[in-house]
Each structure stands twice: as structure tokens, then as C-alpha cells.
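Asker: Below is one structure. I have some questions about it.
The values are calculated or read from the model by the stated rules, or taken from the named source; none is laboratory data. On a predicted model such as this, the values are computed, not experimentally measured, just so you know. For neighbour counting, all protein chains shown are included, and Cβ atoms are generated from backbone atoms with ideal geometry for every residue, glycine included. With ligands, DNA and RNA removed, areas are computed over all heavy atoms of the protein, side chains included. Shrake-Rupley method; radii C 1.70, N 1.55, O 1.52, S 1.80 Å.
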Amino acid sequence: QHTIYFSHTIDQCVRSLRLISLPEIKKPVPLESGLLPVDMVEYYNAIGDAEFKRMAAAGLISEGRTTVDPNSDLIGNKILDVQFTVVPTGTINELVGTINLKTSI
């Protein structure tokens with residue numbers, strides 16, 4: 001039962017992060033030497049963290065954190081790597097997941 005609950009929680013987090021993040025990464029982003037500036041990394045982290053706070057307020061998770069990889073390859077592969085950690089409701093276990101957001105050309 002825990003495995004089903006944990007995979008459901010991860011899937012729900014991935015869907016939510018993709019839903020709120022994709023419109024943001026499709027906007028023009030200024031790069032510094034091909035990498036995201038620190039303020040953009042913090043902005044993307046804040047978007048994910050706000051979504052996790054919303055999910056926690058709804059009782060879907062206990063807490064969550066988003067970590068955007070500042071070394072994501074945005075020029076060649078056009079992929080933004082986002083790692084997240086969530087604590088499912090009613091547990092003390094942390095679940096770690098990664099999503100790769102890619103804009104299409």
C-alpha cells in the first residue's frame with residue numbers, strides 16, 4: 001500500500017510541477033555564459049516551492065522543496081533539470097524525484 005501511495009504522490013507532484021513550470025520556461029530567459037542567472041534559478045525554485053505549499057495546504061503532502069539545476073543545458077538540449085523532495089502526508093519519509101522540462105522548437 002505504501003508503494004502505491006508513494007508513487008501516486010510522486011506522480012501528482014510531477015504533474016503539478018510540469019503544469020506550473022512549462023509556461024514559465026517557454027518565456028525568453030536571459031542566460032549568462034549559457035547558464036541560468038542566479039535570480040532565475042531562485043525564481044524557478046520559488047514557483048515550485050509555492051506549488052508545494054499549495055499542495056500542503058490542501059493536505060496532499062506535508063511539505064516539499066524544489067531545486068533547479070543551475071548547470072542545466074539550455075542551449076544544446078534545451079532541458080531544465082528540476083529536482084524535488086516531498087514528504088507525503090502522514091509519513092516521515094522523503095521522496096526524491098527529478099523532472100526534465102524541455103521546450104519544443
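Asker: How do the peptides 57-66, 81-90 rank, highest first, by the average count of neighbouring beta carbon atoms within 10 Å per residue?
Answerer: 81-90, 57-66
Asker: Residues of segment 60-77 with the amide nitrogen closer than 19 Å to a label point 7 Å from the Cα of VAL29, along Cα-to-Cβ, please.
Answerer: Within reach of a label on VAL29, which here means backbone N under 19 Å from a point 7 Å along Cα→Cβ, segment 60-77 contributes 65-77.
Asker: Over segment 1-81, give the accessible area per residue in Å² for a 1.4 Å probe, as an integer.
Answerer: Value returned for segment 1-81: 61 Å² of accessible area per residue.
Asker: Shifting gears a bit: Roughly how much of LYS53 is accessible, in Å² to the nearest 10, using a 1.4 Å probe?
Answerer: 150
Asker: At a Cα cut-off below 13 Å, give the aspartates and glutamates reachable from LYS53, other chains included and same-chain residues fewer than 8 away excluded.
Answerer: Filter leaves GLU63.
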